[in-house]
Amino acid sequence: MKININDLVPKENIYVSLGLKTLKETQKQLKDIPKENYIIEPMAKNTGPSIALIAAKIFKKDLSAIIAIISSDHTVKKVANYKLTLQKAFNFI
């Protein structure tokens, strides 16, 4: 089963961090994500710097934003539990 994060978060609040090489293909696959929500990593330096870049952009727009970092290359076997846990976390904060 595929997770659709749109069930939990409006598409205008979804940001994608990626390298320039994969931008065009990713935009083809994620057509609903606004173009301004793609953040191009200047260089591949692991996850930390890209998260900091995304957080800075999001907090510039909304200081009270709740950020969840969800990697695209992870396998989630219990999708319903995963979605429920994310929803509980959003509600708790």
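The values are calculated or read from the model by the stated rules, or taken from the named source; none is laboratory data. Please read these numbers as outputs of a predicted model, since none were measured by experiment. A quick note on method: Cβ atoms are made from the backbone with ideal geometry, for glycine too, and the neighbour counts reach across all protein chains shown. These area figures cover heavy atoms from the full protein model, side chains too; ligands, DNA and RNA do not enter into them. Shrake-Rupley method; radii C 1.70, N 1.55, O 1.52, S 1.80 Å.
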Select from segment 70-84 the residues that are open to solvent by less than 90 Å² (accessible area, probe 1.4 Å) and β-branched (V, I, T) and write down the one among them that is nearest to V16 (Cα to Cα). I70
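Sort through I33, I39 and tell me the only one that's aliphatic (A, V, I, L, M) and either at pLDDT 90 or above or surrounded by fewer than 15 Cβ atoms within 10 Å (Cβ to Cβ) (or both).
Details: I39 fails: either at pLDDT 90 or above or surrounded by fewer than 15 Cβ atoms within 10 Å (Cβ to Cβ) (or both).
Just a single option satisfies the conditions, and that option is I33.
Name the single residue that is modelled with the highest pLDDT among those in segment 61-93 being of a type in the set (D, E, K, R) and over 18 Å from P10 (Cα atoms).
First, the residues of segment 61-93 that are of a type in the set (D, E, K, R): 61-62, 73, 77-78, 83, 88.
Okay, now just the ones that are also over 18 Å from P10 (Cα atoms), so 73, 77-78.
Working: D73: 75, K77: 84, K78: 87.
Checked segment 61-93; the qualifying residue modelled with the highest pLDDT is K78.
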Going through segment 38-53 in order, the residues found to be over 16 Å from S72 (Cα atoms) and either under 12 Å from the mean Cα position of the chain (by Cα) or part of a helix (DSSP H, G or I) (or both) are P49, A52, L53
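Can you tell me which residue among I51, I66, I58 is in contact (Cβ under 8 Å) with a residue 24 or more places away in the chain, closer than 17 Å to A89 by Cβ and out of contact with any Phe, Trp or Tyr (no Cβ under 9 Å at 6 or more places or on another chain)? Working first, answer last.
Working: I66 fails: out of contact with any Phe, Trp or Tyr (no Cβ under 9 Å at 6 or more places or on another chain); I58 fails: out of contact with any Phe, Trp or Tyr (no Cβ under 9 Å at 6 or more places or on another chain).
Residue meeting the stated conditions: I51.
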